[in-house]
Amino acid sequence: MLWHRAWEPHISSRFDTGAARASTIRPMSIIGAAVGIGAQDTRCRQGPDRLQACGLMARLADEPHGVSWGGTVREDTGVDVVYASARFCERLARKVYDALQDNPRIGVVGGDHSCAIGTWSGVHQAIAGSGPLGLIWIDAHMDSHTPDTSPSGALHGMPLACLLGHGPGALTGLGVSGPKLAPQHVCLIGVRSFEPAEAALLQKLGVRVFDMDQVRRHGLARVMDDALAYVQKNTAGFGISIDLDAIDPHDAPGVGSPVSAGICGKDLAESLSKMGRHPGLLGLEIAEFNPDKDVNNRTAKLVIDLLAATVGLRG
């Protein structure tokens, strides 16, 4: 428990209903998560800076929509990776929490996917007085290992487990001790590469998983609609966390762990355009952009397109 006392939620009434937020105005504060210590290839820490250099805010800072840059949180290095990651996630969670005091939604761009522990801990704390958080996790992997089950020991394979309350105490205890997500409010989309131990944990907890075969059979739009209905049930709002390796490597080559036969980037942008109009959306996170592996800025442009779609600036 690192900063519970400093984080007394005092804006819970903002989240009692989404109807008060006009669907045509979709402001967002975007935060950079420059972290790579949780990954095997640490170069993804350069992601937020490269996105800025590729025109992220030049595209998104449209006056009527109120899109703003909320700054970048940068990692500390340290021998103890768990402790260094906890310090980073603590700062990111505070930044997210503060941003939600003045904005109806946040965006986080990273950086390895361990940043999700900070992102969604901050959102959880911001809405704590109103109800639980729903989360759509779009990823080729399950990210649900614990230190006892992970083959690599890399923290970017553990963030969802940590948010569900399973993992190192320094990470599960951010803000307030205990889970930040309840299993019945979480679903995964696009999964196609995982180990038995993490699948067993999610099955035991009862987390809903739409694997890539289901996406191909039913189409992404249908799966996203089903996921939206799922994460809205008995929650105060929902978020979307995207690992770019969920997307087919042809559309998003700039990732650390590409997996073939993934989601079409254009289809995902179309789905986010619809999701972005939903008044219950509290935040969007896009992680694992590795600029050194990108091809002709293809992945950087896609990340910007996905954010643009969410705030209503497509085309």
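Figures for the structure shown
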quantity	calculated
Residue tally, condition within 25 Å of GLY265 (Cα to Cα) and either of a type outside the set (Ser, Thr, Tyr) or under 16 Å from the mean Cα position of the chain (by Cα) (or both), over the range 186-198	8
Subset of the range 66-109 (residues that are among the hydrophobic types (A, V, I, L, M, F, W, C) and outside any strand (DSSP E or B))	VAL79, VAL81, VAL82, ALA84, ALA86, PHE88, CYS89, LEU92, ALA93, VAL96, ALA99, LEU100
Where a residue in the range 181-196 is in contact (Cβ under 8 Å) with a residue 24 or more places away in the chain and its partner, wherever it lies, is surrounded by fewer than 21 Cβ atoms within 10 Å (Cβ to Cβ) and among the acidic types (Asp, Glu), with Cβ under 6 Å and at least six apart	VAL191/ASP211
Selection within the range 279-295 - in contact with a helix residue (DSSP H, G or I) (Cβ under 7 Å, 6 or more places away or on another chain) and surrounded by fewer than 17 Cβ atoms within 10 Å (Cβ to Cβ)	ASP292
Boolean, ALA53 is among the small types (Gly, Ala, Ser) and either within 16 Å of HIS156 (Cβ to Cβ) or at pLDDT 95 or above (or both)	yes
Residue in the range 296-303 that is outside any strand (DSSP E or B), buried (at least 24 other Cβ atoms within 10 Å of the Cβ) and either touching a Pro at 6+ places or on another chain (Cβ under 9 Å) or free of Cβ contacts under 8 Å to residues at least 60 places away in the same chain (or both) present	yes
Complete set of residues in the range 64-102 that are more than 16 Å from the chain's Cα centre (by Cα), of a type in the set (Val, Ile, Thr) and within 18 Å of PRO159 (Cβ to Cβ)	VAL81, VAL82
Sole exception among (1) among the hydrophobic types (A, V, I, L, M, F, W, C); (2) within 18 Å of PRO104 (Cα to Cα); (3) modelled with pLDDT of 65 or more for PHE15, by number	(3)
Where LEU201 falls short, out of the listed (1) without any contact (Cβ under 8 Å) to a residue 60 or more places away in the chain; (2) crowded, with 18+ Cβ neighbours inside 10 Å; (3) over 28 Å from GLY47 (Cα atoms); (4) within 17 Å of the chain's Cα centre (by Cα)	(4)
Single unsatisfied condition, SER273 versus (1) in a loop (DSSP other than H, G, I, E, B); (2) surrounded by fewer than 20 Cβ atoms within 10 Å (Cβ to Cβ)	(1)
Residue that is farthest from ALA197 (Cα to Cα) [pool: residues in the range 129-184 that are more than 14 Å from the chain's Cα centre (by Cα) and part of a helix (DSSP H, G or I)]	ALA170
Odd one out for GLU195 among (1) surrounded by 16 or more Cβ atoms within 10 Å (Cβ to Cβ); (2) over 25 Å from GLY280 (Cβ atoms)	(1)
Options ALA126, ALA140, ALA182, ALA161: the member that is within 24 Å of LEU220 (Cβ to Cβ), of a type outside the set (S, T, N, Q) and modelled with pLDDT of 95 or more	ALA140
Hey, ILE117 outside any helix (DSSP H, G or I) and not aromatic (Phe, Trp, Tyr) or not	no
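The values are calculated or read from the model by the stated rules, or taken from the named source; none is laboratory data. All of these numbers come straight from a predicted model, not from anything done at the bench. Note: ideal-geometry Cβ built from the backbone for every residue, glycine included; neighbour counts use all protein chains shown.
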